[in-house]
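Chemist: Structure in structure tokens, see below.
The values are calculated or read from the model by the stated rules, or taken from the named source; none is laboratory data. Please read these numbers as outputs of a predicted model, since none were measured by experiment. Methodologically, a virtual Cβ is constructed for each residue, glycine included, from the backbone with ideal geometry; neighbour enumeration extends over all protein chains shown.
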Amino acid sequence: MPPGYEERNVAERFQYDVVIVGAGPAGMCAGMYAGRSMLRAVVLERGFPGGELLNTELIEDYPGFETVLGHELAQKFHDHAAKFGAEFRTSVTVTRVHRRDDGTFETHADNGDVYESPAVIITAGGTPIKLGIPGELEYAGKGVSYCAICDGAFFRNHVIAVVGGGDAAVEEADFLTRYAQKVYLIHRRADFRASKLLQKRLFENPKIEVIVNTVVDEVEADAQGLVNNLKLRDSETGATRDLAATGMFVFIGFRPNTGIIEAHVDHDDMGYLKTDTNMMTSIPGMFAAGDLRSQLTRQVTTAVGDATTAAIAVEKYLKSIADHDGPPVIAASGGYAV
Ligand SMILES: Cc1cc2nc3c(=O)[nH]c(=O)nc-3n(C[C@H](O)[C@H](O)[C@H](O)COP(=O)(O)OP(=O)(O)OC[C@H]3O[C@@H](n4cnc5c(N)ncnc54)[C@H](O)[C@@H]3O)c2cc1C
């Protein structure tokens, strides 16, 4: 929070070239590129800068950093963006993003402040849906994970469990058998929502044992705080038992944080925002980058890739508005007439 910001008791209006919602990897990278383009950019963050990096112990797949602590990478992203002039406002929750009739935006914060800008980049990420059981949050990063690509390699030769019955759970269980000695797939029902092809692969994989009609009631850990046991309950009979496992991957859904967008915006079946190749959504001037964007995978590398494109596209979009003294002219190629 900038000095003096918290002492104000009167809501204010601010003007920027671009307002960036969320200071995860995508938001911070967008801020850096916007700053380098000499745009007046503000990054609004409800917590601290870092996003999911702050929930990640080690990152081992960000090029150039063989191993880096999540919070260290977050700090580097922040400092880099700030160095190029991006302004950060933390502890500011965006409540809604409104497109005015003239095509510009009002971004409303929970303290009543309003940020006006001709372009916005939404980088609010998403939230993995939690089981809500004892031990789950306590041991997140110590055996409990929501990301197989990110954390799978830490479970080489371990016995682990995957929870869920949809495509993500089945696909990731299969993926995790590259590392784990054995993977239990725990599903609360007997029938799976996952596609038939994925189910076939699941049941044919000798390293996967499927446990149906079962829920996890609690995650337990050893004296070092590392997961070593799951307490299971049969959802039909109520019978309970222990399952020795050193990891639990939860894939019961992921909610993109898009509820702040007031108008209708095109999205896929899962609610992820659809964009063109310049990261512009179906709302002219509103760009999206990172985990809330509809795409194949969600990683730090993809978040910063999206954000780079979005920030550079914003610069061209603003130039297009200035040159044409009105709404942007979208070229047939999908780019802006600049
Ligand atoms: C446990 C875990 C481990 C992972 N490990 C790896 C890994 O090893 N390697 C890898 O490449 N990827 C990893 N990932 C994935 C990676 O962290 C994400 O792909 C990446 O953080 C996405 O960046 P983002 O900026 O799109 O979203 P996020 O990181 O989710 O950031 C979004 C930001 O927006 C803020 N925000 C949301 N709503 C609002 C609002 N209304 N107002 C203001 N601010 C708001 C949030 O507080 C957050 O800071 C991991 C993810 C998880 C969950």
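Chemist: If the requirement is being away from the ligand (no atom under 12 Å from the Cβ), of a type in the set (Phe, Trp, Tyr) and without any contact (Cβ under 8 Å) to a residue 60 or more places away in the chain, which of these qualifies: Tyr184, Tyr179? Step through it out loud before you land on a result.
Modeler: Working: Tyr184 fails: without any contact (Cβ under 8 Å) to a residue 60 or more places away in the chain.
Within the list Tyr184, Tyr179, the selection yields Tyr179.
Chemist: Moving to a separate point now. Considering each residue of segment 106-136, count those that are of a type in the set (S, T, N, Q), within 19 Å of Arg40 (Cβ to Cβ) and outside any loop (DSSP other than H, G, I, E, B), and give that number.
Modeler: 2
Chemist: Among the residues of segment 249-300, which ones are in contact (Cβ under 8 Å) with a residue 24 or more places away in the chain, assigned to a loop (DSSP other than H, G, I, E, B) and aliphatic (A, V, I, L, M)?
Modeler: Ile252, Ile260, Ala263, Met270, Met279, Ile283, Ala289, Leu292
Chemist: Quick check on Thr246: is it assigned by TED's automatic domain parsing to the domain that holds Ser37 and either on the phi < 0 side of the Ramachandran plot or surrounded by fewer than 18 Cβ atoms within 10 Å (Cβ to Cβ) (or both)?
Modeler: Values: assigned by TED's automatic domain parsing to the domain that holds Ser37: no; either on the phi < 0 side of the Ramachandran plot or surrounded by fewer than 18 Cβ atoms within 10 Å (Cβ to Cβ) (or both): yes.
Answer is no for this residue.
Residues are listed down the side, and each one gets a yes or a no for (1) of a type in the set (A, V, I, L, M); (2) within 25 Å of Leu318 (Cβ to Cβ); (3) in the same structural domain as Gly305 (by TED's automatic domain parsing):
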residue: Gly47; (1), (2), (3): no, no, yes
residue: Leu54; (1), (2), (3): yes, no, yes
residue: Pro63; (1), (2), (3): no, no, yes
residue: Ala74; (1), (2), (3): yes, no, yes
residue: Gly85; (1), (2), (3): no, yes, yes
residue: Arg99; (1), (2), (3): no, yes, yes
residue: Asp113; (1), (2), (3): no, yes, yes
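Chemist: May I pose another question? Restrict the check to segment 166-179 and report whether at least one residue is within 30 Å of Thr258 (Cβ to Cβ), modelled with pLDDT of 95 or more and among the hydroxyl-bearing types (Ser, Thr, Tyr).
Modeler: no
Chemist: Of all residues in segment 20-70 being assigned to a loop (DSSP other than H, G, I, E, B) and more than 11 Å from the ligand (Cβ to nearest atom), which is nearest to Ser117 (Cα to Cα)? Explain how you work it out, then say what you get.
Modeler: Of segment 20-70, the ones assigned to a loop (DSSP other than H, G, I, E, B) are 22-24, 37-40, 45-50, 56-57, 60-61, 63-64, 66-67.
Adding the requirement that they be more than 11 Å from the ligand (Cβ to nearest atom) leaves 37-40, 64, 66.
Details: Ser37: 16, Met38: 15, Leu39: 11, Arg40: 10, Gly64: 35, Glu66: 38 Å.
Here the answer is Arg40.
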